[in-house]
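Colleague: A single structure is presented below for examination.
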Amino acid sequence: MSDYSLENLMCHRDNLENVLDNLKEGIIAHNMDRRIFFFNTEAERITGYRREEVLGRDCHAVFGSPFCGGRCVFCDDSPKLAEKSEYTLNISTKTGEQRRIEMTVTSMRDADEQYTGVLTSFKDVTDIFSLKERAGELTSFSNIIGQDSKMVSIFKQIKDVADYDYPVHISGETGTGKELVAAAIHSECRRGGAPFVPINCGALPEGLIESELFGHVKGAFTGAIRDKKGRFELADTGTVFLDEVTELSNNMQAKILRFLQEGEFERVGGEKTIGVDARVVSATNKNLKEAVKRGQFREDLYYRLNVIPIYLPPLRDRKIDIPLLSEHFLQEARERYGKEKLKISSKAMSLMLDYRWPGNVRELQNAIQFAIVKSNDRVISADDLPLELRDLENICVRRGPSRKLDVDSVRSALERSGGNKVKAAKLLGVGRATLYRFLGDHPDMLETVNLPF
């Protein structure tokens with residue numbers, strides 16, 4: 001068929017619709033007034049809405065709220081369109097079922113380069129997440145790295161709570177990634193795209209914290225030369241993240257409790273009551289319940305914040321993630337600084353797996369960055385690690401290679417697992433650290449199985 005014939009074929013509306021109806025992606029198109037003028041068969045299957053129910057109608061009215069959630073640019077009178085945007089989104093189908101979709105929104109223009117609307121394509125990836133979870137192949141979720149069963153459980157919790165606006169409280173040691181989890185909850189819910197406003201309650205001066213949280217009016221105090229919005233007001237339609245929430249004074253705890261109950265507050269020095277629609281996620285590295293028992297935290301606020309508790313395990317309790325996280329930090333260095341493909345030696349990895357990581361993931365990231373700067377080779381050795389990890393060799397009584405391991409059995413396990421050290425360790429019935437120690441003591445064997453060290 002000639003190009004001219006193909007062009008004529010595609011210009012015919014029925015033929016074009018037939019092509020779009022046979023795509024494996026949902027397609028929705030609407031004009032600048034949000035009136036839907038195209039809705040293909042796959043969009044019907046994913047959303048549960050029939051074509052005749054949506055064509056010609058306002059997109060927001062059809063789905064009961066913006067289909068794109070907080071990322072919708074058509075909520076304002078003057079939408080600011082981007083040429084193309086991509087993101088992952090959770091939607092509710094007509095029957096209320098939650099589906100996870102990957103969406104691409106492309107702006108449309110006419111011959112005069114004037115915007116005429118948007119074309120949205122999306123595919124359902126709900127089952128892909130479930131399949132990876134069941135197969136043990138889930139290694140990350142919403143910018144959080146991990147494959148330990150404890151982290152997979154947290155991924156599921158984030159996915160579950162994202163559909164509701166209930167307050168979430170995240171607990172865990174310093175450096176475990178509490179803000180990452182809070183940001184993931186925000187980005188996975190329909191507020192994603194709206195403001196995410198983190199507040200470190202322990203870093204704000206006592207005399208300024210109320211103004212920082214709730215804003216002030218001009219003349220409220222010396223230096224208040226204009227009206228100023230607070231963090232809660234800036235988070236309207238989005239999420240406010242209260243980190244180190246146990247550092248709040250009793251007075252501020254009372255004001256936050258009122259906001260959680262009423263969704264309202266007054267700026268410092270102001271008389272007007274302001275209503276804000278913001279989800280609240282809190283976090284602490286302390287035991288919130290113990291703080292209540294000691295009289296340091298209001299019991300009523302505790303129950304308001306701790307509706308959905310999420311506990312982040314320390315890195316020492318999920319050591320299976322250390323190689324995965326290390327590779328992630330190495331990849332960041334490659335992309336940012338154009339570094340050659342660095343690798344970590346077996347001996348260095350063995351030390352990292354034996355270390356207790358009191359600073360958790362943040363300390364691991366710092367250690368990798370230190371080693372990258374110090375290393376003069378493509379392989380990070382044990383000598384390139386920070387002093388506290390190198391001292392581990394001297395202060396720890398090394399167990400040495402397990403008697404279960406020998407060169408032939410290890411080589412066989414690595415070949416059977418395709419070089420996957422996690423699976424190889426399982427086949428051998430030993431921990432990953434034991435396998436790494438053995439490989440560190442038999443470096444010549446690695447070349448015979450062609451492992452990527």
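Colleague: State all residues of the range 261-285 that are more than 20 Å from Ala220 (Cα to Cα) and surrounded by 15 or more Cβ atoms within 10 Å (Cβ to Cβ); if no residue qualifies, say none.
Modeller: Hits for the range 261-285 are Val276, Ala278, Arg279, Val280, Val281, Ser282, Ala283, Thr284, Asn285.
Colleague: Conditions: (1) over 17 Å from the mean Cα position of the chain (by Cα); (2) in contact (Cβ under 8 Å) with a residue 12 or more places away in the chain. Pro198 meets all but one. Number of the miss?
Modeller: Only one criterion in (1) over 17 Å from the mean Cα position of the chain (by Cα); (2) in contact (Cβ under 8 Å) with a residue 12 or more places away in the chain is unmet by Pro198, namely (1).
Colleague: Taking the range 199-216 on its own, how many of its residues are on the phi < 0 side of the Ramachandran plot and surrounded by 17 or more Cβ atoms within 10 Å (Cβ to Cβ)? Can you show your working first?
Modeller: Start the filter on the range 199-216 by keeping residues that are on the phi < 0 side of the Ramachandran plot, which leaves 199-214, 216.
Among the residues that remain, those that are also surrounded by 17 or more Cβ atoms within 10 Å (Cβ to Cβ) are: 199, 201, 204, 209-214, 216.
Qualifying residue count for the region: 10.
Colleague: Please work out if Val410 is part of a loop (DSSP other than H, G, I, E, B), modelled with pLDDT of 75 or more and either buried (at least 19 other Cβ atoms within 10 Å of the Cβ) or in contact with a His (Cβ under 8 Å, 6 or more places away or on another chain) (or both).
Modeller: Values: part of a loop (DSSP other than H, G, I, E, B): no; modelled with pLDDT of 75 or more: yes; either buried (at least 19 other Cβ atoms within 10 Å of the Cβ) or in contact with a His (Cβ under 8 Å, 6 or more places away or on another chain) (or both): yes.
Here the answer is no, as Val410 does not meet what is asked.
Colleague: Please enumerate the residues belonging to the range 230-251 that are surrounded by 19 or more Cβ atoms within 10 Å (Cβ to Cβ) and among the aliphatic types (A, V, I, L, M).
Modeller: Listed by number, the residues that qualify are Ala235, Val240, Leu242, Val245, Leu248.
Colleague: Filter the range 311-346 down to residues that are within 24 Å of Gln157 (Cβ to Cβ) and among the β-branched types (Val, Ile, Thr) and give me whichever is modelled with the highest pLDDT.
Modeller: Among those that are within 24 Å of Gln157 (Cβ to Cβ) and among the β-branched types (Val, Ile, Thr), it is Ile322.
Colleague: Among the numbered criteria (1) assigned to a strand (DSSP E or B); (2) out of contact with any Gly (no Cβ under 8 Å at 6 or more places or on another chain); (3) outside the structural domain of Tyr87 (by TED's automatic domain parsing), which one does Val118 miss?
Modeller: So Val118 meets the others, but not (3).
Colleague: While we're here: Going by what's in this entry, would Lys94 be described as in contact (Cβ under 8 Å) with a residue 40 or more places away in the chain and surrounded by fewer than 15 Cβ atoms within 10 Å (Cβ to Cβ)?
Modeller: Numbers: in contact (Cβ under 8 Å) with a residue 40 or more places away in the chain: yes; surrounded by fewer than 15 Cβ atoms within 10 Å (Cβ to Cβ): yes.
Yes, satisfied.
The values are calculated or read from the model by the stated rules, or taken from the named source; none is laboratory data. Worth saying up front: this structure is predicted, and the values here are computed from it rather than measured. We place every Cβ from the backbone using ideal geometry, glycine too, and count neighbours over all the protein chains shown.
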